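Everything below concerns the one structure shown next.
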Amino acid sequence: MEKQTIAGILGIGLFTCITLCVYFIMRYRSTAVNLPGESRKREPIDWQKPGILVLGIGIGLFIVGVLDNYIKTDLPDSLAVAILIISAGLAMIIANRLDKKRDI
């Protein structure tokens, strides 16, 4: 890959990592706040949805890597990004369906 492509991927990955870290830290702080005089049990954090989303992104990266390295197709960059977005979207739909089944 070219240096510009690698720099772009690393930039997007760093931005995503920082955004997710801030999100999870703020989510933890909002659930950990106790008011004085109030005894509240902390609810366990549900990691199922983010875990399925990360799994979907990983599967998309695996598919793009296999297509790019082993099948030797000249995969356009837009198609690689589309595969990642589709796999992440499917993972979000699956996570939402599994969460709805558990609530019933």
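For this structure, a couple of remarks:
- In segment 1-42, residue most open to solvent (accessible area, probe 1.4 Å) [restricted to those that are modelled with pLDDT under 70 and charged (D, E, K, R)]: K41
- Among the residues of segment 48-93, those identified as in contact (Cβ under 8 Å) with a residue 12 or more places away in the chain and among the charged types (D, E, K, R) are K49, D68, D77.
The values are calculated or read from the model by the stated rules, or taken from the named source; none is laboratory data. These numbers were taken from a predicted model, which means no experiment stands behind them. Backbone-built Cβ (ideal geometry, glycine too); neighbour counts: all protein chains shown. Ligands, DNA and RNA are stripped out before the accessible areas are found, and what is left, the full protein with its side chains, is counted by its heavy atoms. Shrake-Rupley method; radii C 1.70, N 1.55, O 1.52, S 1.80 Å.
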